[in-house]
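> Below you will find the structure I want to go over with you.
The values are calculated or read from the model by the stated rules, or taken from the named source; none is laboratory data. This one's a predicted model, so the numbers in the text were calculated from it and none came from an experiment. Cβ placement follows ideal geometry from the backbone for every residue including glycine, while neighbour counts extend to all protein chains displayed. The accessibility values were calculated without ligands, DNA or RNA, using every heavy atom of the protein model including side chains. Shrake-Rupley method; radii C 1.70, N 1.55, O 1.52, S 1.80 Å.
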Amino acid sequence: MKKHIVVIAGDGIGQEVTAVGKQVLEAVAQKYGHEFTYDTALIGHAAIEATGNPLPEETITKSKASDAILFGAVGHPKYDNDPSAKVRPEQGLLGIRKALGLYANLRPIKLFDELLGASSIRPEILKGADILFFRELTGDVYFGEKGRSDDRDTAYDTMIYSRYEVERIARKAFEAAMTRRRRLCSVDKANVLESSRLWREVVQAMAPEYPDVVVEHQFIDAAAMLLIKDPRRFDVVLTGNLFGDILTDEASQIAGSMGMLASASIGDTTGLYEPIHGSAHDITGKGVANPLASILSAALMLDISFGMKAEAEEVVSAVDAALKAGYRTRDIADAYTPDDMILGTEAMGSQILTQLASVAENQVV
């Protein structure tokens, strides 16, 4: 099978982890006889430095012509303490989501048993947690009208949703629930926000179309508490852009580290696959970033965009095998991990490639 992939590494450790993710894709292609071709494009701070634009038109053109995008991260410390900056790296990420119509962000939160001790949550609470988040990605306060008063003393960001925006992502969430444990939790703030009341109204109206799915509604504050108190109660979680951003970062503690969480941003055409961690400039260039989220994002690409389920499962099994063998990056190591088992970015990538080569024979190297 022939597929064309655009690698948009972006900023910071995005450059390092996507290089490893690409190596895994190349290994899969070679093993299964696929032909993957690649191109690169700029976004974020790297694009601003090169072109003055966080999302150059060339990046959009290349992305639209691709079968899928392997994405890194955007962000740079120089903007963090400068709220007045008009051009920011994050505008590139929001812009590409809008340009490609990537309205649904899928974030699987599945705990590898070997990492039970890496989380700050007790293992007996975590074990068996398996959650799939559906976060709406092109609406809400991130895309609503925003501005400042003339005297600059008042600011506003408009939380806005249309019925069709809720319907299209809710349908994907309902359909996913039908393939899992048939439970869907819709998260909103309908006791306060009118946009959330529309959200809940739409989900309730759609529920009879899926009579086998048990639907519950939770306010965002209650959902945030329950996610830590009892993560196993959740199966598919459906929520808006802002709430989803917060909840999925909170859920990184279930997996032990943000460096373990992959995501897929999809619409009706090209999909974008990225780790949920940021650019992490504090460790950029040190060779210690965890590449597993990028590798697992590549697995999502194989599954969702390419329909290569067997290949995707082998990548996940290779990650599991490496963890079972005791290999860790710094962020998921504990006090009992031997120093020689704590690997850097490239070394962990090499371990996954080794395991991938042998995973079909159920061997752990």
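> Can you tell me what share of the DSSP beta bridges in the chain is antiparallel? A percent to the nearest 5 is fine.
Working: 17 of 47 bridges.
Among the beta bridges of the chain, antiparallel pairing accounts for roughly 35 percent.
> Given labels modelled 7 Å from the Cα in the Cβ direction, how far is it in nm from residue 37 to residue 168?
2.9 nm
> Using alpha carbon centroids, what distance separates region 215-291 and region 64-96, in Å?
Answer, in whole Å: 18.
> Pick out, from 125, 226, 161, the residue whose Cα sits farthest towards the positive end of the charge dipole of region 112-229, with +1 on the Cβ of Lys and Arg and -1 on the Cβ of Asp and Glu.
Result: 125.
> Residues of region 44-75 with the amide nitrogen closer than 18 Å to a label point 7 Å from the Cα of residue 82, along Cα-to-Cβ, please.
44-55, 74-75, by backbone N distance to the label point.
> May I pose another question? Apply 1/(1 + (r/R0)^6) to the Cβ-Cβ distance of residue 158 and residue 339, taking R0 = 41 Å, and write down the FRET efficiency to the nearest 0.05. Each step should come with its number before you reach the end.
Details: r = 51 Å, r/R0 = 1.26.
That pair, residue 158 with residue 339, gives E of 0.20.
> What whole-number value in Å² describes the accessible area per residue of region 215-365 for a 1.4 Å probe?
Working: 5740 Å² over 151 residues.
Result: 38 Å² of accessible area for each residue.
> State, as an integer percentage, the relative contact order of region 118-245 based on alpha-carbon contacts under 8 Å between residues 6 or more apart.
Details: 202 pairs, mean separation 51.3, N = 128.
Contact order relative to length: 40 percent.
> Modelling each spin label as a point 7 Å along the Cα-to-Cβ direction, I'd like the residue 214/residue 310 distance in nm, to one decimal.
Between residue 214 and residue 310, the label points sit 3.6 nm apart.
> To continue, here is another question. How much of the accessible area of the chain, in percent, comes from carbon and sulfur atoms when a 1.4 Å probe is used? Could you put the intermediate results ahead of the total?
Working: 8060 of 15790 Å².
Carbon-and-sulfur percentage of accessible area, whole number: 51.
> Contact order normalised by length for region 130-174, with contacts defined as Cα pairs under 8 Å and 6 or more residues apart; what percent is it? List each step's numbers first, then the result.
Details: 37 pairs, mean separation 17.0, N = 45.
Across region 130-174, relative contact order equals 38 percent.
> Taking the Cα centre of each part, how many Å lie between region 1-62 and region 164-179?
A separation of 29 Å, based on Cα centres.
> How big is the charge dipole of region 2-119 about its Cα centre, in debye rounded to the nearest 20, if each Lys and Arg gets +1 on its Cβ and each Asp and Glu gets -1 on its Cβ?
On the way: 13 positive and 14 negative charges, 80 e Å.
Magnitude of the dipole: close to 380 debye.
> Summing -39500 (n - 2.57) over the DSSP H runs of n ≥ 4 in the chain and dividing by its residue number, what mean residue ellipticity at 222 nm do you reach, to the nearest 500 deg cm²/dmol? Don't skip to the answer; put the middle values down first.
On the way: 14 runs with 146 residues, N = 365.
Rounded to the nearest 500, the figure is -12000 deg cm²/dmol.
> Going by the alpha-carbon gyration tensor, a ≥ b ≥ c the square roots of its eigenvalues, is region 137-264 rounded (a/c under 1.5) or, if a/c is not under 1.5, prolate (a/b greater than b/c) versus oblate?
It comes out oblate by the Cα gyration axes.
> For every other residue with a beta carbon closer than 14 angstrom to the beta carbon of residue 3, add +1 if it is Lys or Arg and -1 if Asp or Glu, then tell me the sum. Write out the running numbers ahead of the final one.
Numbers: positive: 2, 22; negative: 26, 35, 39, 67, 303, 311.
Once positives and negatives cancel, what remains is -4.
> So how much slack lies between residue 232 and residue 110, counting 0.36 nm per residue of separation and subtracting their Cα-Cα distance, in nm? Please list the in-between numbers first.
Details: separation 122, 0.36 × 122 = 43.92 nm, distance 1.04 nm.
Residue separation times 0.36 nm, minus the Cα-Cα distance, leaves 42.9 nm.
> Is the shape of region 1-120 best called rounded, prolate or oblate, per the rule: a/c under 1.5 gives rounded, else a/b larger than b/c gives prolate, else oblate, with a ≥ b ≥ c the square roots of the Cα gyration tensor eigenvalues?
Working: a/c = 1.98, a/b = 1.21, b/c = 1.64.
Oblate.
> Then there's this: Using only the Cα atoms of region 231-365, build the gyration tensor, take square roots of its eigenvalues as a ≥ b ≥ c, and label the shape rounded, prolate or oblate: rounded if a/c is under 1.5, else prolate if a/b is larger than b/c, else oblate. Could the numbers behind the result be given before it?
Numbers: a/c = 1.69, a/b = 1.23, b/c = 1.37.
In terms of gyration-tensor shape, oblate.
> In percent, how large is the relative contact order of the chain, given Cα pairs closer than 8 Å and 6 or more residues apart?
Details: 768 pairs, mean separation 75.4, N = 365.
For the chain, the relative contact order is 21 percent.
> For the cross-link pairs 98/309; 86/286; 22/189; 64/309, which exceed 32 Å when the distance is taken from alpha carbon to alpha carbon? Could the numbers behind the result be given before it?
Working: 98/309 28 Å; 86/286 30 Å; 22/189 40 Å; 64/309 24 Å.
Violating the 32 Å Cα-Cα cut-off are 22/189.
> Taking 30 Å as R0, compute the FRET efficiency from the Cβ-Cβ separation of residue 4 and residue 182 and round it to 0.05.
Numbers: r = 36 Å, r/R0 = 1.21.
Computed FRET efficiency for residue 4 and residue 182: 0.25.
> Aspartates and glutamates near residue 229 by alpha-carbon distance under 20 Å, same-chain residues fewer than 8 away left out - which ones?
Leaving aside aspartates and glutamates fewer than 8 places away in the same chain, those within reach of residue 229 are 113, 124, 130, 188, 216, 221, 245, 249, 250.
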